[in-house]
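Worksheet for the structure shown next.
Coordinate-derived values only; no laboratory data. Note that the coordinates shown come from a computational prediction; the quantities given were computed from them, not determined experimentally. Note: ideal-geometry Cβ built from the backbone for every residue, glycine included; neighbour counts use all protein chains shown.
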Amino acid sequence: MTGPEVEPIRVGVLGGRGKVGEQVCRAVDEAEDLDLVAVVDAGDWLFNVADAGAQVVVDFTHPDVVLDNVRFCIDQGIHAVVGTTGWDAPKFDQVRAWLEPKPDLGVLVAPNFAIGAVLSMRFAAMAARFYESVEIVELHHPAKADAPSGTAARTAELVAAARAEAGMAPPPDATTSELDGARGALVHGVHVHSVRLAGLVAHQEVLMGTQGETLTIRHDSIDRSSFVPGVLLGVREISGRPGLTVGLEHLLDL
Ligand SMILES: NC(=O)C1=CN([C@@H]2O[C@H](COP(=O)(O)OP(=O)(O)OC[C@H]3O[C@@H](n4cnc5c(N)ncnc54)[C@H](OP(=O)(O)O)[C@@H]3O)[C@@H](O)[C@H]2O)C=CC1
Ligand SMILES: O=C(O)C1=N[C@H](C(=O)O)C[C@H](O)C1
């Protein structure tokens, strides 16, 4: 005896002809429990996803357009799974406000959908209180629009929160004279250095140091397929997670 047939989740992809979006489209197409109903890229009619009856939209577009896209999804009553970067606290507040009158709707924004990147952020937060020094180096392909990366910004935020909770002083640094940018960008009080290099995909090192030792937490996405399982998990789970969720860790019981 077989149970009742479960309808596939109807999925639309924004940025579907981009580097990550193209891989997401292929994976959704191949998954039996998902149905790729619309692919929208720059210049296409955004309403295609609504017209096609998408229940979940995946966004891998550009930091300049992602907030408008999320607003569109919320207005249309479509859950959103967002990988696009360029987020800050006011933008998250804005999304929460848009979601208020739609209590059944979910938006997931994850700075990084690769399992190792999620784990490395957690490891960095765990280690932070044991090391007086911390700096982050993120390394990406040269087609990346934003610096620092969303992952690096989130890592800095998590590390800074752990340090603050432990009552730590700022990292030691005797620099009194510097060329602009030589010490990187300060993100939540953490120095973040951004490398853009042909041949790279997405990489990050969190460097920590204290008396007589250093700890390096490194993650490498050597292929964009690394992001796909996390995105599919988000697509499958988002309808059961109303409100705004920031970070894939919440779906991984971390
Ligand atoms: N969270 C995560 O795990 C990851 C996040 N990212 C982030 O995802 C985003 C996309 O990355 P990536 O795939 O490498 O970038 P790409 O530039 O390769 O792809 C983005 C695609 O979106 C299209 N696009 C631009 N504007 C719109 C719009 N308004 N509506 C629909 N499509 C649009 C672009 O078209 P055109 O080129 O013609 O402008 C392009 O085809 C970036 O912010 C990146 O940082 C990337 C990897 C993993
Ligand atoms: O642009 C990319 O490529 C990536 N963007 C995300 C970020 O900014 O952290 C995730 C990953 O690093 C790849």
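Numbers at a glance
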quantity: Dipole of the chain, positive end: most advanced residue of 156, 113, 14 [Cβ charges, Cα centre]; calculated: 156
quantity: Farthest positive-ward along the chain dipole, Cα basis, beta-carbon charges - from 233, 23, 127; calculated: 127
quantity: Solution diffusion estimate, µm²/s, Stokes-Einstein, segment 147-186, Kirkwood Rh from C-alpha pairs, 37 °C, viscosity 0.692 mPa s; calculated: 275 µm²/s
quantity: Dipole of segment 179-244 [Lys/Arg +1, Asp/Glu -1 at C-beta], most positive-end residue of 242, 222, 201; calculated: 242
quantity: Segment 48-159: relative contact order in percent, alpha carbon pairs under 8 Å with at least 6 residues between; calculated: 25 percent
quantity: Cα-centre dipole for the chain with unit charges at Cβ (Lys and Arg positive, Asp and Glu negative), debye to 20; calculated: 360 debye
quantity: Convex hull (Cα only) mean projected area of segment 43-118, reported in nm² to one decimal; calculated: 5.5 nm²
quantity: Dipole in debye (nearest 20) - segment 1-110, about Cα centre, beta carbon charges: Lys, Arg +1; Asp, Glu -1; calculated: 300 debye
quantity: Label-to-label distance, nm, for residues given as residue 218 and residue 96 (7 Å Cα→Cβ offset); calculated: 3.8 nm
quantity: Relative contact order computed over the chain (Cα-Cα under 8 Å; 6+ residues apart), in percent; calculated: 22 percent
quantity: Segment 99-248, Rg to Rh (Cα coordinates; Rh as Kirkwood inverse mean 1/r); calculated: 1.01
quantity: Student exercise, segment 100-195 dipole from Lys, Arg, Asp, Glu Cβ charges, in Debye to nearest 20; calculated: 240 debye
quantity: Stokes-Einstein translational diffusion, the chain - Kirkwood Rh over all Cα pairs, 0.890 mPa s, 25 °C, in µm²/s; calculated: 127 µm²/s
